[in-house]
């Protein structure tokens, strides 16, 4: 009976150890957790540019959207730089076929106005010129 309990205990320990290792494979080690950083920080602006590019590309709306307000900007360090962004965005007067929307004016017609609150998490490896959207969660406001 004692031998059976020892074997069972070893099995339980092994399964717990292996399951923790498997979880760790999918997620990089956090060197520094998310901390507030200035909105004007160059990598925040770069991540936001990328997030808006991806948002507009995925959106079915015929008009481009652009940022109205940055409500929160944070950075986390893992094997990359990760940016957590909370923003309000709005529909512009520029149609998607016109290209970039950085200089487009916001819609003034009340029927055309649309505001959206979004949370973006963007991974950046500037040393490799890589950007990747980790999370995009938006809702109309």
Point to revise | Matching residues, segment 62-75, being over 10 Å from residue 37 (Cα atoms) and either surrounded by 19 or more Cβ atoms within 10 Å (Cβ to Cβ) or in contact with a helix residue (DSSP H, G or I) (Cβ under 8 Å, 6 or more places away or on another chain) (or both) | key: 62, 63, 64, 65, 66, 67, 70
Study note, to complete from the structure: Scanning segment 63-105 residue by residue, the ones that are in a loop (DSSP other than H, G, I, E, B) and closer than 24 Å to residue 126 by Cα total 6
Review point. Looking at residue 108, is it outside any strand (DSSP E or B) and out of contact with any helix residue (DSSP H, G or I) (no Cβ under 9 Å at 6 or more places or on another chain)?
Key: yes
Point to revise | Among (1) farther than 14 Å from residue 104 by Cβ; (2) assigned to a strand (DSSP E or B), the one test that residue 57 misses | key: (2)
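None of the figures in this text is laboratory data; all of them are computed from the coordinates on show. Since this is a predicted model, take the numbers as computed values, not measurements. Glycine gets a Cβ as well: all are built from the backbone with ideal geometry, and neighbour counts include every protein chain shown.
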